[in-house]
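Before any comments, here is the structure.
The values are calculated or read from the model by the stated rules, or taken from the named source; none is laboratory data. Note that the structure is a prediction, hence the values are computed from the model and not measured. Every residue, glycine among them, receives a Cβ derived from its backbone with ideal geometry; neighbour counts consider all protein chains shown. The protein model used for the area step is the full one, side chains on, heavy atoms only, and it has no ligands, DNA or RNA in it. Shrake-Rupley method; radii C 1.70, N 1.55, O 1.52, S 1.80 Å.
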Amino acid sequence: HVTNGALISPFIKSGDNEVSLGGTNLTLTKDGAGAVMVNGVKVILPDVIVTNGVVQGIDFVFNVPAASVNMVEYLLKNSDKFSDLTAALTLGGLLSALEGP
């Protein structure tokens, strides 16, 4: 999910709420050790600073309703807007996780 603004873990408070640019409600929480959770899913790679924002790597793939657009094709077609995300997904071997239903 993409939000409008940079969410950096030291500044996230448990109970914070964000809305993704796609309209999904995101609830942010922290455990006793300060680890951030997004909708109950642990952030395993926090605060990766990229040229157009901050990436929080999570230990889960959020399922979204089936769309008429293949996300991989969309990312590659719009690489000028998503170059850092596409590069991070490719580097992590995760681009294929966005293919299919």
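Tell me whether the stretch 7-28 contains one or more residues that are in contact with a Pro (Cβ under 6 Å, 6 or more places away or on another chain) and not in a loop (DSSP other than H, G, I, E, B).
Taking every residue of the stretch 7-28 in turn, at least one turns out to be in contact with a Pro (Cβ under 6 Å, 6 or more places away or on another chain) and not in a loop (DSSP other than H, G, I, E, B).
In the stretch 28-48, is there at least one residue being modelled with pLDDT of 85 or more, farther than 22 Å from N4 by Cβ and under 13 Å from the mean Cα position of the chain (by Cα)?
There is at least one residue in the stretch 28-48 that is modelled with pLDDT of 85 or more, farther than 22 Å from N4 by Cβ and under 13 Å from the mean Cα position of the chain (by Cα).
Mind checking which pairs have a first residue in the stretch 1-30 that is exposed (fewer than 14 other Cβ atoms within 10 Å of the Cβ) and a second that is outside any loop (DSSP other than H, G, I, E, B) and of a type in the set (K, R), Cβ under 8 Å, 6 or more apart or different chains?
Note: pairs meeting the criteria are K13/K30; S14/K30.
Are there any pairs, at least 6 apart or on different chains, whose C-beta atoms fall under 7 Å, with the first in the stretch 32-47 and more than 11 Å from S9 (Cβ to Cβ) and in a loop (DSSP other than H, G, I, E, B) and the second open to solvent by less than 70 Å² (accessible area, probe 1.4 Å) and among the polar types (S, T, N, Q), and if so, which?
Here the result reads N39/T27, each pair linking the stretch 32-47 to a residue that is open to solvent by less than 70 Å² (accessible area, probe 1.4 Å) and among the polar types (S, T, N, Q).
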